[in-house]
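Please read the structure below before turning to the comments.
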Amino acid sequence: MSLLTVKQLNITDTQTHQQLVNGIHFQLEKGETLGIIGESGSGKTITCRAIMGLNDPRLQVEGQIYFDGVDLLQLPNQLLRQRRGGDIAMIMQQGSRAFDPSSKVGKQMFETMVMHTDLSKKSIEAVLIKYMQFMKLKDPEQILQSYPHMLSGGMLQRLMIVLALALKPKLIIADEPTTALDTITQYDVLEAFSDIKKQIDCAIIFISHDLAVINKVADKIMVMKAGVCVESGPKEAVLFSPHHDYTKYLLSTKQKINHHFKLIMRGEGHA
Ligand SMILES: Nc1ncnc2c1ncn2[C@@H]1O[C@H](COP(=O)(O)OP(=O)(O)OP(=O)(O)O)[C@@H](O)[C@H]1O
Ligand SMILES: [Mg+2]
């Protein structure tokens, strides 16, 4: 049995009657990373939020989302909330939004750990510090005593990953987790992402616009356009011998940008 099976997922805006996601299906095995790519507005985020049960109520979700054999769309809200954060963790684009500005980050992380695990206070602290070290966060004790505004976007993003790791979920959903970061921090966070599976045994769904990023982290890829999946398969097949015109277009655009960048670096480009 797969860890996650999404079948015939449809998402409709009940106010405009517009169908935003149409017949999406995919499977994710234990330990696998699925990369989702596609243009802005293609439905990547609402597909993943549907798995978490986090979409705006005006968006009607239909289909089946089997997680560990249980259809999440049939679960009452309270049980779904328990799954969320315990079995499934989500890392969003902006770490700063995930934290309450009025309370110290350590306190917030601690409360989440108490809610979703049976660990003692001492063990929680030890596990948070262990993963903070893994995420190359210096002076963990001091960071835990800080308010969110005292930390950079990159640090808050790393803390979200620390929390996701500490909760030992079966599935981590990362929605453009590096987009808001500068290039160097982005690189560091990505490196850590590719090492996550050495730390915990989990599956990952990783959403990104960036094909290079997807190439680094994913085992298989789903390409979305206007609410439908236009192509999916193992990473090598999708990136190196794509079938659909849209995937070919995405790849050729990427190649053009890379070529242009190389010319600029050699002083031959017209920026
Ligand atoms: N709460 C909402 N109410 C109505 N429409 C919504 C809502 N949230 C998203 N949508 C619409 O659903 C479609 C898919 O949005 P989604 O955020 O999933 O795109 P995306 O692929 O994640 O794009 P991006 O790459 O920009 O993050 C868009 O047309 C968007 O306008
Ligand atoms: Mg999105």
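Read the figures in this text as sums done on the coordinates, not as results from a lab. All values derive from a computational prediction rather than experimental measurement. Glycine gets a Cβ as well: all are built from the backbone with ideal geometry, and neighbour counts include every protein chain shown.
Label zone of R58 (point 7 Å out along Cα→Cβ, amide N under 13 Å): in the stretch 9-51 this covers 12-18. Gyration tensor analysis over the Cα atoms of the stretch 94-168 returns equivalent ellipsoid semi-axes of 18, 13, 11 Å (largest first, whole Å). Need the C-alpha centroid separation for the stretch 1-31 versus the stretch 123-195, integer Å. Cα centroid of the stretch 1-31 versus Cα centroid of the stretch 123-195: 29 Å apart.
Based on DSSP loop calls and a cut-off of at most 10 other Cβ atoms within 10 Å, the longest stretch of the chain free of exposed trypsin sites (Lys or Arg not before Pro) is what? Here the longest run is 139-265. Add +1 for every Lys or Arg and -1 for every Asp or Glu among the other residues with Cβ under 11 Å from the Cβ of V70, and state the total. That works out to -2. Of all the options M113, M150, M224, the one that moves most in a Gaussian network model of the chain with Cα springs shorter than 10 angstrom is M150. Taken about its Cα centre, the chain carries a charge dipole of about 300 debye when Lys and Arg each add +1 at the Cβ and Asp and Glu each add -1 at the Cβ.
Could you tell me whether the chain comes out rounded, prolate or oblate from its Cα gyration tensor? Rule is a ≥ b ≥ c as square roots of the eigenvalues, rounded for a/c under 1.5, then prolate if a/b exceeds b/c, otherwise oblate. Cα axes put the chain in the oblate bin.
Here the Gaussian network model covers the chain, with springs between Cα atoms less than 10 Å apart; of A203, A174, A226, A226 fluctuates the most. In this rough spin-label picture, where each label sits 7 Å from Cα along the Cβ direction, the A237-T253 distance is 2.4 nm. Length available on full extension from Q142 to Q74: 0.36 nm per residue minus the Cα-Cα distance, which gives 20.2 nm. Expressed to the nearest 5 percent, the antiparallel share of DSSP beta bridges inside the chain is 55 percent. Among the GluC sites (Glu not before Pro) found in the stretch 1-99, those both in a DSSP coil and sparsely packed, with 16 or fewer other Cβ atoms within 10 Å of their Cβ, are E29, E39. Label-to-label distance, D188 versus N22, with points set 7 angstrom from Cα along the beta-carbon direction: 4.4 nm.
Binning the C-alpha pair distances of the stretch 1-120 at 10 Å intervals from 0 yields a P(r) profile of 11, 38, 35, 15, 1 %, listed from the shortest bin outward. In a fully extended conformation the segment linking Q94 and Q82 would gain 2.0 nm over its present Cα-Cα distance, using 0.36 nm per residue. Just checking the listed ones, L20, L190, L79: in the Gaussian network model of the chain with Cα springs under 10 Å, the one fluctuating most is L79.
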